[in-house]
Amino acid sequence: MMLNDIKIAMLGTTGAGKTSYLLAMYAVMQTGIKGFTLSAKDMDMDLDLIEKWEQLIDIEAEDRWPLPNAAAIEHYSFNFSYGFRPIMSFDWLDYRGLALSDRSSEQDVQALCNYLADSGCLFLCVSGENLQDKITPAIVRQIKSDRMNQFIQQIISNYRQPTPDQPFPVVILITKYDLCHHRDKQAVIEDIKRIFQALFTPNSGWLVMICPVSLGKELCQDIDRGSIVPVNVHLPIVFAIYSQLRSYGIKLKTARLRLHEEIDKLKQSGMLTKFLKNGLFQENAKKLEELEEKIEIVEENMGLLAEELQQVSLFLSGSEVKANV
Ligand SMILES: Nc1nc2c(ncn2[C@@H]2O[C@H](COP(=O)(O)OP(=O)(O)O)[C@@H](O)[C@H]2O)c(=O)[nH]1
Ligand SMILES: [Mg+2]
C-alpha cells in the first residue's frame, strides 16, 4: 500500500517551540511506534536532525537549544514506513512565523498561502507559555491566533472547503506543555476552543486534535539542565497519517459500493450473451477481491494508529469523537 504524499504545514509564532518539537518528533519516530517509523529522505538532513537532537540531550546549558531558523521557510521530506515498507511520504514545512507578524509583506503571506493551498494537514502551535493562566485579549495577541484564523479562512475560501465527509485534519499543538501543566486540562482545552472557535463549529468538517506536547517535564523548572524526556510528540504525526488513511478508506468503500451496484446490474440484465456476462462477472469479482484486500489493510493500520490516539481530545465539527476504524 502506498498512499498519496501529504504536506504538513506548521504555523506558530517565533519561539513557540516548533523546531525543538520537530527534533523530538523525529528522534522518537525514528525508533518508531508500533512498527511505524519515519526517516528523512535526505541523508544529510537525517544527520543534521540527529546531531541537533543529541546536542539537546547532551548539553546542559543554554546552547543545547536549536538556533532560530535562518531561512523564512524550511522544508523537510520524510518517508513514513510500516515494517520498513514505505506507506507514504510527507513534506514538512517549518515556518519562521514572519507572515504571522504585523510586519509581514505581501510576498510572505502569498508564499505561505500557496503552500497551505495544497497542504493535507495543518499544525497550529500555541506555546504553553501563553496558557499558564486563563487567556486574556493581550495573550491572544501574543499567540497570533487571529492571524492563524485568517490563514485558515484564506484556505477555505480560495482552495478547499472541508465537509463532514471529507474533513480537513488540524492539529492544535500545545508546545511546552510543561509550562501550563499546573492548570486543569479541561480549562486549557476550553481556552483553545475559544481562540479557534471556527474550527469547532457544527457541520464545518474540521477534524481537530488538541495535543499537549513537551520535551520534558523538568524543563519548566530548569530549561537548560532539565532532562529531555519527550511527551506525546509522536501523536500529531500518528494523527496526520490516521486521517490520511481514513479518507483513503472512505474512497475505497465508495468504490466498493459502486462495484456492488455494477454487479447487481449485470445480474439483472439479460442483454448480454452468457459468455460476455461471465467474463465481466469474473473481472468484477477480481476487482472486488482486490478492493476488499486494500480495505482490510487500511483498517488494520488505522486500528493500530487509533489505539495510540485514545488518550487525546479529538473533535469532528465541534463534537468530541474517539478515533476508530
Ligand atoms: N519549557 C519548555 N521550553 C521549550 C520547549 N521546547 C522549546 N523550548 C524553549 O523555547 C525556545 C524556542 O524554541 P524553538 O524550537 O526554537 O521555537 P521556534 O522558533 O518555534 O522554532 C527554545 O530555545 C527553548 O528555550 C519545551 O518543551 N518546554
Ligand atoms: Mg524554529
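Quick check for you: which residues of region 167-182 have the amide N under 11 Å from the point 7 Å beyond the Cα of GLN221 toward its beta carbon?
Under cut-off, by backbone N: nothing.
Which whole-number percent is the relative contact order of the chain (Cα, under 8 Å, 6+ apart)?
19
If you take every residue apart from VAL325 with its C-beta less than 12 Å away from the C-beta of VAL325, what net charge results, scoring Lys and Arg +1 and Asp and Glu -1?
Net charge around VAL325: -1.
Scan region 1-70 for GluC sites (Glu not before Pro) in coil per DSSP, keeping those whose Cβ has at most 16 other Cβ atoms within 10 Å, and list them by number.
Passing sites in region 1-70 are GLU60.
Under 12 Å from the Cβ of ILE250, count the other residues' Cβ atoms, weight Lys and Arg +1, Asp and Glu -1, and hand me the total.
Cβ neighbours under 12 Å give a net charge of +2.
Where both partners of a DSSP beta bridge lie in the chain, what percent of those bridges are antiparallel, to the nearest 5?
Roughly 50 percent of the beta bridges in the chain run antiparallel, per DSSP.
Under a GNM of the chain (C-alpha, springs under 10 Å), which listed residue has the highest mean-square fluctuation: MET209, MET88, MET25?
Its mean-square fluctuation being the largest, the pick is MET88.
What angle, in degrees between 0 and 90 and rounded to the nearest 10, separates the Cα long axis of helix 185-195 from the longest principal axis of the Cα atoms of the chain?
For helix 185-195, the angle is close to 80 degrees.
May I ask you to compute the full-extension gain from LEU67 to HIS181, defined as 0.36 nm times their residue separation minus their alpha-carbon distance, rounded to one decimal in nm?
Result: 38.5 nm gained on full extension.
Among LEU22, LEU56, LEU291, determine the one that fluctuates most according to a GNM of the chain built with springs between C-alpha atoms less than 10 Å apart.
Result: LEU291 has the largest fluctuation of those listed.
How big is the Cα convex hull of region 160-242 in projection, averaged over all directions, in nm²?
One quarter of the hull surface, i.e. the mean projection, equals 6.4 nm².
Mind giving me the FRET efficiency for ASP133 and THR163? R0 is 51 Å, r the Cβ-Cβ distance, nearest 0.05 is fine.
About 0.85, to the nearest 0.05.
Taking the Cα centroid of region 186-248 and of region 114-143, what is the distance between the two, rounded to the nearest whole Å?
11
In a Gaussian network model over the chain where Cα atoms closer than 10 Å are linked, find which of SER247, SER77, SER269 has the largest mean-square fluctuation.
SER269
How far is the Cα center of region 70-85 from the Cα center of region 13-28, in Å?
When both Cα centres are located, 13 Å separates them.
Exceeding 25 Å between C-alpha atoms, which entries from my cross-link table qualify? They are LYS253/LYS286; LYS144/LYS185; LYS41/LYS193; LYS52/LYS134.
Beyond 25 Å: LYS41/LYS193; LYS52/LYS134.
Taken together, the values in this text are just the output of simple stated rules run on the coordinates, not laboratory data. This one's a predicted model, so the numbers in the text were calculated from it and none came from an experiment. Virtual Cβ from ideal backbone geometry, glycine too; neighbours counted across all protein chains shown.
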